[in-house]
Amino acid sequence: MAVLKELDQRDAATIGEELHRFAADLYPICRSITGDGMRRTLAMIQDRIALQMFEEPTGTPVFDWTVPKEWNIRDAYIARSGGKRVVDFQQCNLHVMNYSVPVHTTMPLSELRLHLFTIPEHPDWIPYRTSYYKEGWGFCLAHNQMLALEDGNYEVCIDSTLKDGHLTYGECYLPGRSTDEVLISCHACHPSLANDNLSGLAVATFLAQLLFGQDLRYSYRFLFIPGTIGAITWLARNCETAARICHGLVLTCVGDPAGFHYKKSRRGNAEIDRAAAHVLGHCGESAEILEFSPYGYDERQYCSPGFNLAVGCLMRSVWGSFPEYHTSADNLDFIRPLQLAGSLRVCAAIVDVLENNRRYCNLNPCCEPQLGRRNLYRSNDGDTIGGEINTRLWVLNLSDGEHSLLDIAERSGLPFSAISKAAELLCENGLLSAIPATTAEGNNPGGR
Ligand SMILES: [Zn+2]
């Protein structure tokens, strides 16, 4: 199975435009950790992949947490008493602090200010604020917009509901030959924020489309969940399934112009960590590998000590480190078609490594086999003869049953795709035989 090869037959610019268009379609929806915004988002993903929706009722205990009340919002504004709206949710859903309780009252500006949030350093940007676990209300607006508010009374209205309901999440399962699983997880709870949220959703959806119908070694599970509480809820409901996860990626912030960052799993040397580092080292863009830390996205939950799953996090810009983070400047201009396509390509290359990484036995281990006699001492694929022969010799030399193809790729410095292709060719010529794959190479599935 060669996902990357299939992807590379298509035009990256076109794929990038499609990814961006999908993010743009999802952009206007006011999402939150619960409610109809999440359902509408999942329904739009459902138009593309076989996604199953799950609803967990408010009050359900999930480990140390409880599924919260469901939040929905229809409208919100600040208006001059009896006058026109000066802050309008219909213009931008970031204007309302996410999870604000309903309010409809009139108050002087001095009192209203206690409920207003701005970013003085970026006076034209609207901040993104939430208050999931502490009831309150607030408005977010550009600092300049706040400075322009004149003294006097304002009508304040948040037409929201916060009541018993459900937490909704979506799951797409693609069965493979093994029940061992690869997890792809992204949070889908942010309103109109493009990089931190929609880039991950779009890339994960397209990756699922790419894998659908393929003959897969692993089974793949794609999760579209509210951040933190969604991962906790899923893990609480799926302990047995979690034990089958051999490799996983949290995808987020994969559309901005920066180079890649991969944050390792808590294990630090899991196959996914090595596969990601290898692919990024050969992807042609700048890339940095970060050690695990217990703060970040949902890898925090997957890598909590009770699960300790081999789940890393793939990003371009790191959360919290770019000025646009959690502001209205994280918009559709901030994410770029080519960067989205590049991120999808990296994901496909990582999947290719996981799918094809196995050990082989050199069937002719005493001295080099005579390649010329087998017509293997010539280029097969337009690469330089020296390059291809070098790759074949690496594979032959290290295929002693101990080294996996990823080991060989790391040690030789050659890309996994070339190593894997050489192994295939050598097998066809009777010089190698594959050692039957058991589970993940050098991994400890579940890790409980
Ligand atoms: Zn965020």
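The values are calculated or read from the model by the stated rules, or taken from the named source; none is laboratory data. Please read all numbers here as calculations on a predicted model, not as lab measurements. No Cβ is skipped: glycine too gets one built from the backbone with ideal geometry, and neighbour counts run over all protein chains shown. Heavy atoms of the whole protein, side chains included, go into the accessibility calculation; ligands, DNA and RNA do not. Shrake-Rupley method; radii C 1.70, N 1.55, O 1.52, S 1.80 Å.
Couple of notes before you dig in:
- Accessible-area composition of the chain, carbon plus sulfur, in percent [1.4 Å probe]: 49 percent
- The long axis of helix 416-428 is offset from the longest Cα principal axis of the chain by roughly 40 degrees.
- Simple label model, 7 Å out from Cα along Cβ direction - ALA12 to ILE385, nm: 3.1 nm
- Over segment 295-381, all Cα pairs binned in 10 Å intervals from 0 give whole-percent P(r) values of 12, 22, 27, 15, 15, 9, 1, listed from short to long.
- Evaluated at q = 0.17, 0.19, 0.25 Å⁻¹, the base-10 log of the normalised Debye intensity for segment 46-134, with identical point scatterers placed on the Cα atoms, takes the values -0.93, -1.04, -1.39.
- Over the C-alpha atoms of segment 165-219, the Rg to Rh ratio, Rh being the Kirkwood estimate, stands at 1.05.
- Of the GluC sites (Glu not before Pro) found in segment 108-212, the ones in coil according to DSSP and having at most 15 other Cβ atoms within 10 Å of their Cβ are GLU121, GLU135, GLU150.
- For segment 150-167, Karplus couplings with θ = phi - 60° (6.51, -1.76, 1.60), whole Hz, Gly/Pro x: 8, 4, x, 8, 10, 8, 10, 9, 10, 8, 10, 10, 9, 9, 4, x, 9, 9
- Rounded to 5, percent antiparallel among DSSP beta bridges of the chain: 65 percent
- The value obtained for segment 239-394, namely the Cα convex hull volume divided by the number of residues, is 158 Å³ per residue.
- Helical mean residue ellipticity (222 nm; -39500 (n - 2.57) per DSSP H run of 4+; nearest 500) of the chain: -9000 deg cm²/dmol
- Probe 1.4 Å - accessible area at ASP400, Å² to nearest ten: 80 Å²
- In this Cβ point-charge picture (+1 for Lys and Arg, -1 for Asp and Glu), segment 109-181 has a dipole of about 160 debye about its Cα centre.
- For segment 330-420, the Cα gyration tensor yields ellipsoid semi-axes of 34, 16, 9 Å (square root of five times each eigenvalue, largest first, whole Å).
- Taking amide H atoms as placed 1.01 Å from N in the peptide plane, the amide H of LEU167 lies under 5 Å from those of GLU56, THR58, each 5 or more residues away in sequence or on another chain.
- Per residue accessible area in Å² of the chain, where ligands, DNA and RNA are left out and the probe is 1.4 Å: 41 Å²
- In a DSSP loop and with at most 14 other Cβ atoms within 10 Å, the trypsin sites (Lys or Arg not before Pro) in segment 60-105 are LYS84.
- Summarising the overall dimensions of segment 1-111 from its C-alpha atoms, the Rg and Dmax are 20.2, 65 angstrom.
- Anisotropy class of segment 164-277 from Cα gyration tensor, a/c 1.5 cut: rounded
- Candidate lysines - alpha carbon under 29 Å from LYS5, same-chain residues fewer than 8 apart omitted: LYS263, LYS264, LYS421
- The radius of gyration of the Cα set in segment 211-292, together with its Dmax, comes out at 14.5, 40 angstrom.
- Over segment 383-428, equivalent-ellipsoid semi-axes from the Cα gyration tensor in Å: 15, 12, 9
- Efficiency of FRET between ARG85 and HIS122 - r from beta-carbon atoms, R0 25 angstrom, step 0.05: 0.65
- Amide H contacts of ALA76 (H built 1.01 Å from N, under 5 Å, at least 5 apart or other chain): PHE89, GLN90, ASP159
- Net dipole in debye of the chain [+1 Lys, Arg Cβ; -1 Asp, Glu Cβ; about Cα centre; nearest 20]: 540 debye
- Computed from point charges on the beta carbon alone (+1 for Lys and Arg, -1 for Asp and Glu), the dipole magnitude for segment 1-79 about its Cα centre is near 120 Debye.
- A Förster radius of 60 Å combined with the Cβ-Cβ distance from THR60 to GLU368 puts the calculated FRET efficiency at roughly 0.45.
- Against the rule of thumb 2.2 N^0.38 Å, how large the Cα Rg of segment 49-200 comes out: 1.29
- Here's the list of lysines a cross-link from LYS134 could span, going by alpha-carbon distance under 28 Å and ignoring same-chain residues fewer than 8 apart: LYS69, LYS163.
- Low-density loop cleavage sites - chymotrypsin sites (Phe, Trp or Tyr not before Pro) in segment 36-124, where at most 12 other Cβ are within 10 Å (DSSP): PHE63
- Relative intensity, log₁₀ I(q)/I(0), of the chain from a Debye sum that treats every alpha carbon as a point, q = 0.09, 0.10 Å⁻¹: -0.62, -0.74
- Degrees, to the nearest 10: 385-398 long Cα axis against longest axis of the chain: 90 degrees
- Couplings 3J(HN,Hα) for segment 67-73, derived from phi with the Karplus relation 6.51 cos²θ - 1.76 cosθ + 1.60 (θ = phi - 60°), are 4, x, 5, 8, 10, 9, 9 Hz, where x marks Gly and Pro.
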